[in-house]
Structures are given as C-alpha cells and as structure tokens.
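The block underneath contains the structure these notes are about, expressed in structure tokens.
The values are calculated or read from the model by the stated rules, or taken from the named source; none is laboratory data. Predicted, not measured: the structure shown is a model, and the values here were computed from it. Using ideal geometry, Cβ is built from the backbone for each residue, glycine included, and neighbour counts are taken over all protein chains shown. Quick note on the areas: whole protein, heavy atoms, side chains included, nothing else; ligands and nucleic acids left out. Shrake-Rupley method; radii C 1.70, N 1.55, O 1.52, S 1.80 Å.
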Amino acid sequence: AAGTRPVRAPYLRDGLIEAETFAKALRKPGAFDHLAGVQTHSLTDAAPSGQPASLPVLVFSHGYTGPLSAYAALLEDLASHGYIVLSVGHSYEAVAVRQPDGSVATMLDSSGGMRQGIVDVLTEWRDEDSTMARVTRAPSESEQLRILKAYISRVPKTEAVINRWVTDNRSVLDQFARSTAGIA
C-alpha cells in the first residue's frame, strides 16, 4: 500500500506450517520451529531498484517436495544482483504452499503421510541411480541415449509432474508479463 514502509521478509515464506510439515515428514516434530523467527535481508513491498522492463527475469521452481524457504538465500542473492526472481510454489508437491485464499497446501495427506501422487513419482525414481551408473559405463553416446530413453519411457507420472510445472511456470510468466506491460 502507498506509504507502507518495507519490512524484512521472514525466512519461512509460507509461515511456521512450512517448518512443521517438513519436520512431520522427517518424523522430527518441532525440529525446525526456531526458523519461524529468522528474517532474511530482503524487504517485503520494496520497489525494484531499476525499471522492471530492463531487469533480467528468472523463474525458479523448488525441488520436488522441497521446502520453498530452503532456497531463500540463493534467491535473495540473485535479486541482490539485479534479477527479478519469480519463485513458483507447486501446490501439493512442495512442503507447503500458501494458497490465494490463505489456506496451505502441503505434500502430506490427512494421515500425515506423503500424498499418494508423490509416493508414485518417487517409486518411479527407484532405478535412477542404477540407470545413471549404466549410462556412465556405456561405451558410446548412442548407447547412453538408448538407456536414457528407456528410463524416461518408464516414468509417466514424473512426466505428468513436469508438464504440470511447465504449465504453472508459463502461467506465472504470462501473469508477470501482463502486470509489467507498459512499464518502461
């Protein structure tokens, strides 16, 4: 709001629920609650130091089931070097993502376990290490490609996640472009 003075941003982007969910997933309740008091060097509601149309833009997605706040220092550093960083939280596939209505979507189901969709994706990855070892030992690039293509054909749930995330990122970029249209 006009006249609002920027304040330091909290480390936990989506609040204590992010730390609580991560701790619950690791079966270590309360282990990360102290993070609720940590603040970053970033400011909320601060105007960009340059014209948005002239600043480079990066789109960032957290790791699968990752805590968005774990990337705070990296994203803050990028912003301090003049980048506009659009950090996209993928609901139900991150530790916790605050929704527009204020509710929080987490990676855990009502019983406190990983959502079935996440379990299905992680199960697809069970052969990743052995596959990469075979790729490393392959005698030729064509054999490496054959092994990789075979592996990729066996991870359709992962492919669906990637397609969903691409759609999310495009939506964020489109919204950003609309919001900065006409700013010189």
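Structure summary
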{"item": "Expected 222 nm ellipticity per residue - DSSP helices of 4 or more, -39500 (n - 2.57), all of the chain, to 500", "result": "-13000 deg cm²/dmol"}
{"item": "Tensor-based shape of the chain (alpha-carbon gyration tensor, a/c under 1.5 rounded, otherwise prolate or oblate)", "result": "oblate"}
{"item": "Pair S110, A133: separation of 7 Å Cα→Cβ label points (nm)", "result": "4.2 nm"}
{"item": "Inter-centroid distance (Cα atoms) of segment 76-100 relative to segment 21-66, Å", "result": "6 Å"}
{"item": "Rounded percent of accessible protein surface that carbon and sulfur make up, the chain, 1.4 Å probe", "result": "56 percent"}
{"item": "Max mean-square fluctuation residue, GNM over the chain, Cα-Cα springs under 10 Å, options R170, R137, R27", "result": "R137"}
{"item": "For the chain: relative contact order, % (alpha-carbon pairs under 8 angstrom, 6 or more apart)", "result": "19 percent"}
{"item": "1.4 Å probe accessible area per residue over the chain, in Å²", "result": "63 Å²"}
{"item": "Separation in nanometres of the label points that stand 7 Å from Cα toward Cβ, at S171 and D45", "result": "2.7 nm"}
{"item": "Share, in percent, of DSSP beta bridges within the chain that are antiparallel, nearest 5", "result": "60 percent"}
{"item": "Folded to 0 to 90 degrees: helix 141-152 orientation relative to the chain principal axis, Cα", "result": "70 degrees"}
